[in-house]
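Structure first, then comments.
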2 protein chains.
Amino acid sequence: MINPIAIQDVRPRTPEGFPAKAVTGEWVRVSADIFRDGHDLLFARVIWRPTGAGDWRSSPLSPLPNHRWEGTIVGEDIGHHEYVVQAWTDTFATWRRDTLVKHAAGQDVGVELEEGALLVSSAAAKLEGSAAAKQKKALCREAADSLRNKDLPVETRLAAVEVDGLLEVLKAYPVRRDLSSSAMMPLWVDRPRALFSSWYELFPRSNGGFEGTTKRLAALSDMGFDVVYLPPIHPIGITDRKGKNNTTSPDADDVGSPWAIGSKEGGHKAIDPSLGTFEDFAALVEEAGSLGMEISLDYALQCSPDHPWVTEHPEWFHHRPDGTIKFAENPPKKYQDIYPINFWPAKDEDRAALWSACWDILEFWIARGIRFFRVDNPHTKPLPFWAWIIREVQTKHPDVLFLAEAFTHPKMMARLAEVGFSQSYTYFTWRVGKQELLEYAVEVAQGPAADYMRPNFWPNTPDILSGPLRNGGPAVFRLRLLLAATMSPSYGIYSGYELYENQPARDTDEEYLNSEKYEVRERDYDAPGTLVPFIARLNAIRREHPALQQLHNIVVHPNWNPNILAFSKASDDGTDVVLTVANLDTAGRQETTLNLDLTALGVDSSRGFTVRDELTGATYDWWGASPYVRLEPADQPAHVFSVIQGVQGVAD
Amino acid sequence: MINPIAIQDVRPRTPEGFPAKAVTGEWVRVSADIFRDGHDLLFARVIWRPTGAGDWRSSPLSPLPNHRWEGTIVGEDIGHHEYVVQAWTDTFATWRRDTLVKHAAGQDVGVELEEGALLVSSAAAKLEGSAAAKQKKALCREAADSLRNKDLPVETRLAAVEVDGLLEVLKAYPVRRDLSSSAMMPLWVDRPRALFSSWYELFPRSNGGFEGTTKRLAALSDMGFDVVYLPPIHPIGITDRKGKNNTTSPDADDVGSPWAIGSKEGGHKAIDPSLGTFEDFAALVEEAGSLGMEISLDYALQCSPDHPWVTEHPEWFHHRPDGTIKFAENPPKKYQDIYPINFWPAKDEDRAALWSACWDILEFWIARGIRFFRVDNPHTKPLPFWAWIIREVQTKHPDVLFLAEAFTHPKMMARLAEVGFSQSYTYFTWRVGKQELLEYAVEVAQGPAADYMRPNFWPNTPDILSGPLRNGGPAVFRLRLLLAATMSPSYGIYSGYELYENQPARDTDEEYLNSEKYEVRERDYDAPGTLVPFIARLNAIRREHPALQQLHNIVVHPNWNPNILAFSKASDDGTDVVLTVANLDTAGRQETTLNLDLTALGVDSSRGFTVRDELTGATYDWWGASPYVRLEPADQPAHVFSVIQGVQGVAD
């Protein structure tokens, strides 16, 4: 038999029953449509626990408009959790509402008072055990006596149940009538960095190998980054190696693309000797850890023609009728230096061996301290492979995370997140206009996939020098960085960004000129005038403000100026609010009058409040919802205001 | 392991796995998100059959934008059906696309041609059995030979597979690589009247009982109605009987409300003696059948204090501490003439007996020829009860239908439809403005619940003399009728509508003055100037035009005039299109220039076309998408145009 109380559209969830996602300590909003036949009042709650383990915790749900109910759960530990939404008919509250209405209408409620006394007495009869229960039992008995006491005025008898805690007890006693439960809903809880992280990507070979990179970590830490992502560190193939600027005729000293993985010196478990030794790598990982950072490696499942697998396991590749192995193609384009892996060999034991070997690679680097993998092009490998390998790895190592580099169509991006990826690259890279930026920020925060897909906003990557950055000046670089860092709890940049590297290879794609993918690129990070201080300040603001560390609470504040966008974010508990007001015009001053949603800002609309620009330290006292703002791109791309309740210096 | 090809968001479906709905012969659009990793081409199809029985039928899906695919299935028989969406990688089409691209780019495709020949040969090897398969096998062998024939030009070798039917064969041969299937999706198929029906509600006691009602049927049939719905026909209680206009002090000759069911003369299986005998009832049902109509009874699960169940089964009611049975209340309102049933007695055997007795009532009237029940206030009875009883009844009698009179919140309405109701009363009754009417028509046709909730539009009911009809003139009555009859495949009116009955009881609710619910109301249906001819014409148009008999294909055509709305509907096969252009201003002439979506009308935008007003017979030749229209409310509330391809009298 179906539930007497309908409990439908329970969130958070994924479309096909994979776990929704949260991080430890995050306030997870649980909501559902809850309703029953007739007019009786309902009580609803959510219960949750680590899957299959221990006591259930419980939290009440509150009614929103249109039969939606909402509450909050928090996962304390990493790993699988389960939650259930429950509802039952609140018999006592229904009795109370109806009796009060009848009494207010002048109707005799003598029988109703006796009915109430019976309810409360039955509750008392069921309360046994603990001292607290016995105390409640006594309260119930007193209330029942008062309800029955005809010497008292009706108002007094009715008020007898308004004792502290008694109405709460009576929600569940004497019985949970019509008790109804949702399906068991799975929730995977990650460590906090799955949600809040600041990424920096660098090529170690451009930074003096592992040793030089280790030395750079302190500067990256000072800038406020906490994940340093390295493109593949494995030996690079010689056969069909690409030359500078992706040419097919390399010079003898050309270093090749790190994504052409594998040579006679080894494959995915080896280190390119030019970068250093395993000891050097261990030192890098250790230094990162001591700075509160971590190293992320690239998990790029493809091989150069020289990868040991090509000879050891030809059955793991695609073959052509002439006996050759297929290189990567997107006809008519050919990528001769890359052999794609055939994830579905004809024999299932070959498939099992291949998938197991892929898993071994992860275990190998996990054993060497890696806990965050950036996965190259996951949308060109099978979905069942990802569903399997991420589950296997996280079962053994629940703290391991995966970032999906899937610049593909939205349904595939969501599906990869659903089957297990912890974070996802996004379309932020190409969102430039006011409307599309705001819509996208709201979509990633609150759209249907927000229950399980966490965004990671990148203004640039080694593959993408996107629109506004191409030949763009420092103001553009400041703006794009600020938008990424304030709109999304996770964001990242690829090194060179802080030096305003802006030269495109050509007009027909988004490659950098002299791309670091094909050559070593040395940089002077200590040059004057870089973006470093600005980045450091932004990352400090992100660390100081929980509002910028969460994903879901975002509110857009409209204004008439098409060059100015304003949005606020609030911490889970609502005590920290950050209002970002950005000027998209990097060439000229813009001004506007904002239309603020004061409720979203957590301020009392009848009083003034103070905002402090966290970039400059300037404070402004605002009265009302329509403050004037002016932004000069030469000074700063945006105000990043923290909101302070009450005007400073004005007594409450 | 999950599907290698993602098949998600399959429609039609309900939120919680109950069957979606269709009627026999209806074209059911099946759609899904279908995609896989990489760039290989896919083939997708839907297979379906009566549940668990017989061979699967199969129909290909076609790609729409954004990885959505769509196809059509048709249920031939009443009852449970199941369908599955399947997809696999189209290896041969992928090979062909890639090889053509490479050849076009001037690349050598020698190895690719051999690859293609191998594919086609493998397909040949698997084709066995029927003469047709052997013929395909021969075609494959010829194609493989040509692909391998180096004496031929490459173009000729590539063209060798372009043989009639061969590409189709090669979609599934030699293997269905990555074969993926959706869950088994349930679909319930009803008889056609579940979708397309024209209802007329009358109180038999105002029409001379069953005998008089039987005589009226011919007139109702002439008007084009096919379902005649009778409020409860059972004995009416005496205790606390309501007087005229719902007063609590009835005269001795007051007839009471038919919804106060049950007296010493019997309950839900008895007939009020004043209406006639079971023989008279049988004659009524038979006459309706012979006119191609059917009688619908009210299934109102509540009792008057005099219902036999009250004494025979006091455990089926709610009790108060003073021993009395609870009458219906919505505090502070009291309905002393009605005892609500307690669907959850304390003992489960009592519940089982009660539910079984409720089922018996349906079986009793089904045995007497009733196949369509109008269910009174289903939203005040438990959802599990409806899920159970509708399934039980339809398992035994798959042609029995249920109309939910649930004027309640949208989520409950959808849930009742989900658990089994065949049709639902709607909010049309209160939708008056242009925007809200159009939005509602699109919502019921294409919203999330349209897969399983079928609307039935009623301008009035005995409970609801709604806004525009209150003191409204004939033009309003024409307009509301026309909107109901053209926007929804099912609609109905309560008798008196054709006589423009428009007097409200008061300003504070929607009751009729001298409501027929509490008294006999005799009418002169033969008076001059009634709405009868207009109703007859509208129902005739509905019967002549399959476009008006289906639910889902509706398109809104914009125009600047806030008083004129235009929408078109198309038959499943697209050959019949009806464009309705209505004037919501019942007091004055309105004119506009339409902005027609010519594709939706099925006309060639480069040529003219003819529309015929089915209400007047007038035809208009239109060139282009922006015809001028003018409507005079004194003449007609709307044009109901059938669309004819090509201007009449102009040769192709």
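The values are calculated or read from the model by the stated rules, or taken from the named source; none is laboratory data. Values in this document were obtained by computation on a predicted structure and should not be read as measured data. Here Cβ is always computed from backbone atoms with ideal geometry, including for glycine, and neighbour counts include all displayed protein chains. SASA here: full protein model, heavy atoms, side chains in, ligands and nucleic acids out. Shrake-Rupley method; radii C 1.70, N 1.55, O 1.52, S 1.80 Å.
Looking across the stretch B:278-325, the residues that are in a loop (DSSP other than H, G, I, E, B) and either in contact with a Phe, Trp or Tyr (Cβ under 8 Å, 6 or more places away or on another chain) or in contact (Cβ under 8 Å) with a residue 24 or more places away in the chain (or both) come down to B:Leu291, B:Gly292, B:Met293, B:Ala300, B:Leu301, B:Ser304, B:Pro305, B:Asp306, B:His307, B:His313, B:His318.
Highlighted here are the strands (runs of 3 or more DSSP E) found entirely within the stretch B:367-454 that include at least 1 residues which are more than 30 Å from B:Ser31 (Cα to Cα), of a type outside the set (A, V, I, L, M, F, W, C) and not assigned by TED's automatic domain parsing to the domain that holds B:Val556: B:372-376, B:401-405. Scanning the stretch B:48-67 for residues being outside any loop (DSSP other than H, G, I, E, B) and either open to solvent by 40 Å² or more (accessible area, probe 1.4 Å) or at pLDDT below 95 (or both) gives a total of 7.
One line per residue, one yes/no per condition, for (1) in the same structural domain as A:Pro63 (by TED's automatic domain parsing); (2) surrounded by fewer than 18 Cβ atoms within 10 Å (Cβ to Cβ); (3) within 30 Å of A:Asp55 (Cα to Cα):
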site	(1), (2), (3)
A:Gln86	yes, no, yes
A:Arg97	yes, yes, no
A:Gly106	yes, yes, no
A:Val109	yes, no, no
A:Ala117	yes, no, no
A:Ala123	yes, no, yes
A:Gln135	yes, yes, yes
A:Ala138	yes, yes, yes
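Tell me, which residue of the stretch B:483-498 that is of a type in the set (S, T, N, Q) and surrounded by 24 or more Cβ atoms within 10 Å (Cβ to Cβ) is farthest from B:Val640 (Cα to Cα)? Here the residue is B:Ser490. Here B:Ser605 fits the description: at pLDDT below 95, under 32 Å from the mean Cα position of the chain (by Cα), more than 21 Å from B:His552 (Cβ to Cβ) and not charged (D, E, K, R). Any residue that is crowded, with 17+ Cβ neighbours inside 10 Å, among the charged types (D, E, K, R), in the same structural domain as A:Pro19 (by TED's automatic domain parsing) and part of a loop (DSSP other than H, G, I, E, B) - is there at least one of those in the stretch A:144-167? Within the stretch A:144-167, not a single residue is crowded, with 17+ Cβ neighbours inside 10 Å, among the charged types (D, E, K, R), in the same structural domain as A:Pro19 (by TED's automatic domain parsing) and part of a loop (DSSP other than H, G, I, E, B). Counting the residues of the stretch B:367-420 that are in contact with a Gly (Cβ under 7 Å, 6 or more places away or on another chain) and β-branched (Val, Ile, Thr) gives 2. Only a single criterion out of (1) of a type outside the set (Phe, Trp, Tyr); (2) open to solvent by 30 Å² or more (accessible area, probe 1.4 Å); (3) without any contact (Cβ under 8 Å) to a residue 40 or more places away in the chain is not satisfied by B:Ala328, namely (2).
Restricted to the stretch A:490-534, and to residues that are part of a loop (DSSP other than H, G, I, E, B) and aromatic (Phe, Trp, Tyr), which residue is nearest to A:Thr429 (Cα to Cα)?
A:Tyr500
The requirement of being within 14 Å of chain A (Cβ to nearest Cβ), open to solvent by 30 Å² or more (accessible area, probe 1.4 Å) and more than 19 Å from the chain's Cα centre (by Cα) is not satisfied by B:Thr395.
Yes/no per residue for (1) more than 11 Å from chain B (Cβ to nearest Cβ); (2) part of a strand (DSSP E or B):
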position: A:Glu329; (1), (2): no, yes
position: A:Lys334; (1), (2): no, yes
position: A:Asp337; (1), (2): yes, no
position: A:Pro340; (1), (2): no, yes
position: A:Trp344; (1), (2): no, no
position: A:Glu349; (1), (2): yes, no
position: A:Ala353; (1), (2): yes, no
position: A:Ser356; (1), (2): yes, no
position: A:Ile361; (1), (2): yes, no
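Between a first residue in the stretch B:50-65 that is over 16 Å from B:Ile7 (Cβ atoms) and a second residue that is open to solvent by 50 Å² or more (accessible area, probe 1.4 Å) and of a type in the set (D, E, K, R), which pairs have beta carbons less than 8 Å apart while being 6 or more apart in sequence or on different chains? Close Cβ pairs (under 8 Å, with a partner that is open to solvent by 50 Å² or more (accessible area, probe 1.4 Å) and of a type in the set (D, E, K, R)) amount to B:Pro50/B:Asp77. When each of B:Pro314, B:Pro235 is tested for being outside the structural domain of B:Thr380 (by TED's automatic domain parsing), within 20 Å of B:Asp360 (Cβ to Cβ) and either more than 28 Å from the chain's Cα centre (by Cα) or open to solvent by less than 10 Å² (accessible area, probe 1.4 Å) (or both), the lone residue that passes is B:Pro314. Being touching a helix residue (DSSP H, G or I) at 6+ places or on another chain (Cβ under 7 Å), over 15 Å from A:Asp635 (Cβ atoms) and acidic (Asp, Glu) holds for only one residue in A:Asp621, A:Asp597, A:Asp576, A:Asp604, and it is A:Asp576.
Residues of the stretch B:240-266 that are of a type in the set (Val, Ile, Thr) and surrounded by 15 or more Cβ atoms within 10 Å (Cβ to Cβ): B:Val255, B:Ile261.
Within the stretch B:626-652, restricting attention to residues that are open to solvent by 30 Å² or more (accessible area, probe 1.4 Å) and touching a Ser or Thr at 6+ places or on another chain (Cβ under 7 Å), the residue that is modelled with the lowest pLDDT is B:Gln648.
When you check A:Ala417 against the structure, is it in contact (Cβ under 8 Å) with a residue 12 or more places away in the chain, surrounded by fewer than 23 Cβ atoms within 10 Å (Cβ to Cβ) and of a type in the set (A, V, I, L, M), yes or no? Criteria not met by A:Ala417. Of all residues in the stretch A:18-47, those satisfying the criterion of being facing chain B (nearest Cβ under 10 Å) and in a loop (DSSP other than H, G, I, E, B) are A:Phe18, A:Arg36, A:Asp37, A:Gly38, A:His39.
The single condition among (1) among the hydrophobic types (A, V, I, L, M, F, W, C); (2) within 13 Å of chain B (Cβ to nearest Cβ); (3) more than 26 Å from A:Pro462 (Cβ to Cβ) that A:Val442 does not satisfy is (2). Inspection of the stretch A:104-125 identifies no residue that is more than 14 Å from every other protein chain (Cβ to nearest Cβ) and outside any helix (DSSP H, G or I).
Answer yes or no as to whether B:Lys269 is in a loop (DSSP other than H, G, I, E, B), closer than 30 Å to B:Arg193 by Cα and either open to solvent by less than 30 Å² (accessible area, probe 1.4 Å) or assigned by TED's automatic domain parsing to the domain that holds B:Ala218 (or both). Considered against the rule, which asks whether it is in a loop (DSSP other than H, G, I, E, B), closer than 30 Å to B:Arg193 by Cα and either open to solvent by less than 30 Å² (accessible area, probe 1.4 Å) or assigned by TED's automatic domain parsing to the domain that holds B:Ala218 (or both), B:Lys269 comes out as yes.
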